[in-house]
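The values are calculated or read from the model by the stated rules, or taken from the named source; none is laboratory data. Every value quoted in this text rests on a predicted model; they were computed, and no experiment measured them. As a convention, Cβ positions derive from the backbone with ideal geometry for all residues, glycine included, and neighbour counts pool all protein chains shown.
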Amino acid sequence: MATGLSAIFMANRPALLRFLRARGAGDDAEDLLQDMWMKLEAKDLGPVSDPLPYLYRMANNLMLDRYRSATRRERREQDWAEGAGGVMADPTEDIAVDDRMVLNEQLNEARAVLRDLGPRVELVFRRFRIEGVGQRVIADELGVSLTTVEKDLQKAYRAMLTLKQKMDTE
Amino acid sequence: MINEEALGWVIQTRDPEFSDWEGFTAWLEADPAHASAYDALMLADSELDSFVPSEPVALPIAANDPGVRSRRPLHWIGGGAVAAALVAAVSLGVANRSDIYSVTTRPGEIRTIALDDGTKVELNGDTTMRFDRKDARFAALDAGEAAFTVRHDEANPFRVTVGDAVFEDAGTVFNIVRTKAATRIGVSEGKVIYNPQAEAIALPAGRALADDAQGLRVMDIAPAAVASWRQGQLVYSNAPVTQVAEDAARSLGLTVQFTPQVQAIRFTGTLQLDRDPARFFAQAAPLMGLSAVRQGDAWLLKEGNGPQN
């Protein structure tokens, strides 16, 4: 591990612990921090340009993974209870034609929703969400203020998440 | 219901430059419910991958383009609403005026229109355009394809209306295609501004813009490939075969159909246009890795090389 990173980790341990607790880790916060430490020790990361945000992001990702696997487990158990799919669906299996049609329909609907927001909002959203470009860079590229990009993103996200909720309940 | 504050943090923490983790910690500590709202939205966000198609979006870098950039902030005031209102106003004005005339070419026919200001518009086959006798700087492409060689006048730019979009020249040779499903423009000389009152995307020579079911995209194009139909050629780089078929249909006055399997195929290369459809397809179909079969008045493109019946 880069010695710089380990020093930063030790110096900011209390802040990272506080973050993990606030993120809902509860009593596991110490263990998670230990996991982080092991991961950092295990791989040679080379120099990290912005070490503290990097460590925070790592902690945040750990929490997201935890939440994701818990949710997946819950959904599976629910599917079992409802008897939906007596045989566990293998995610690597080919998607059935019906499902693919539904997926295509959803894709088209999502495109339509995105398009209705107007080309600038669509461009901003794609650039940010799909290509992972930061808001400040997008604002520079388009010659608009950061606030405009932020508002565009919120608008696009709101529309896409609302559409997703609607699809999930259908 | 979407928790707006949590959504704000989802967007911020997804930003590669985000650094206010202490502020985020403080927000999380303010209410234990914040963490679960954030988690739920982050999960929903990650699941968006399955239905937001990841097509490449390339934007012109404004820094290369100081002239346009300085004008941009003005254009942005009011944003899309103003642009929409302007387009509406233009359309209304067009509809109410009597000096608008329409030009239509038959499939396979090419026609050149010289406007009073010295601008030349070449209409490819199966194309409908409108012009204004009182305003030589106006043109509308309603369907089909046309190449524009524009005499530039900074004070009075030439504008082409294509559906809701406006292309404004900045000293230019460019080509526009409009089909039911898509609008595409390629620029071979000078520069065109797409929707100057809204997005104001600058397209210099060698850039192309497509607006279709996949959204709005900017990409590179070889200047020689722009409006190559005028030289009896069709030049493509990674274009869907369906687009090639549409272009061939317009230039040769044919109906082209294709089997569903063919629709996903893409083509890179140059096709020679030929008045004789049989000769054209004998040359073109193998280049696309396809075979062409005559079916009454139409030609069917299907998979596989060589003659098949």
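Report yes if B:A146 is surrounded by 18 or more Cβ atoms within 10 Å (Cβ to Cβ), touching a Gly at 6+ places or on another chain (Cβ under 9 Å), more than 14 Å from every other protein chain (Cβ to nearest Cβ) and under 25 Å from B:I110 (Cβ atoms), otherwise no. Judged against the criteria, B:A146 is not a match. In segment B:46-54, the count of residues that are within 18 Å of A:D152 (Cα to Cα) and modelled with pLDDT under 90 is one or more. Taking the criterion of being over 30 Å from A:D140 (Cα atoms), hydroxyl-bearing (S, T, Y) and assigned to a strand (DSSP E or B), would at least one residue in segment B:222-240 satisfy it? Yes, segment B:222-240 has at least one match. The sole residue among B:A198, B:A181, B:A155 that is buried (at least 22 other Cβ atoms within 10 Å of the Cβ) and part of a loop (DSSP other than H, G, I, E, B) is B:A198.
Yes/no per residue for (1) free of Cβ contacts under 8 Å to residues at least 60 places away in the same chain; (2) surrounded by fewer than 20 Cβ atoms within 10 Å (Cβ to Cβ); (3) closer than 30 Å to B:D297 by Cβ:
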| site | (1), (2), (3) |
| --- | --- |
| B:V173 | yes, no, no |
| B:P204 | no, yes, no |
| B:R217 | no, yes, no |
| B:V256 | yes, no, yes |
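Inside segment B:178-203, residues that are of a type in the set (K, R) and closer than 19 Å to B:Y236 by Cα make up a count of 2. Within segment B:107-143, the set of residues being surrounded by 18 or more Cβ atoms within 10 Å (Cβ to Cβ), assigned to a strand (DSSP E or B), of a type outside the set (A, V, I, L, M) and touching a helix residue (DSSP H, G or I) at 6+ places or on another chain (Cβ under 9 Å) comprises B:E122, B:F138. Screening B:F158 with (1) without any contact (Cβ under 8 Å) to a residue 40 or more places away in the chain; (2) away from every other protein chain (no Cβ under 14 Å); (3) aromatic (F, W, Y) gives one miss only, at (1). When B:A278 is tested against (1) touching a strand residue (DSSP E or B) at 6+ places or on another chain (Cβ under 6 Å); (2) of a type in the set (A, V, I, L, M, F, W, C); (3) surrounded by fewer than 13 Cβ atoms within 10 Å (Cβ to Cβ), only condition (1) is not met.
A quick yes/no check of all residues on (1) closer than 16 Å to B:P196 by Cβ; (2) of a type in the set (G, A, S):
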{"residue": "B:R106", "(1), (2)": "no, no"}
{"residue": "B:M129", "(1), (2)": "no, no"}
{"residue": "B:A146", "(1), (2)": "no, yes"}
{"residue": "B:F158", "(1), (2)": "yes, no"}
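With respect to B:L300, determine if the residue is surrounded by 14 or more Cβ atoms within 10 Å (Cβ to Cβ), more than 21 Å from B:A224 (Cα to Cα) and either modelled with pLDDT of 80 or more or under 25 Å from the mean Cα position of the chain (by Cα) (or both). Yes. Among the residues of segment B:5-37, those that are charged (D, E, K, R), part of a helix (DSSP H, G or I) and at the interface with chain A (Cβ under 8 Å from one of its Cβ atoms) comprise B:R14, B:E22, B:E29.
Every listed requirement among (1) in a loop (DSSP other than H, G, I, E, B); (2) at pLDDT below 85; (3) crowded, with 17+ Cβ neighbours inside 10 Å is met by B:G80 save one, (1). Restricting to segment A:130-144, name every residue that is among the hydrophobic types (A, V, I, L, M, F, W, C) and closer than 18 Å to B:I193 by Cα. Within segment A:130-144, A:L142, A:V144 qualify. Suppose the filter is modelled with pLDDT of 85 or more and away from every other protein chain (no Cβ under 14 Å); does B:G269 pass it? For B:G269, the condition - modelled with pLDDT of 85 or more and away from every other protein chain (no Cβ under 14 Å) - is not met. When B:A213, B:A222 are checked against the criterion of being among the small types (G, A, S) and touching a helix residue (DSSP H, G or I) at 6+ places or on another chain (Cβ under 7 Å), B:A213 stands alone in meeting it.
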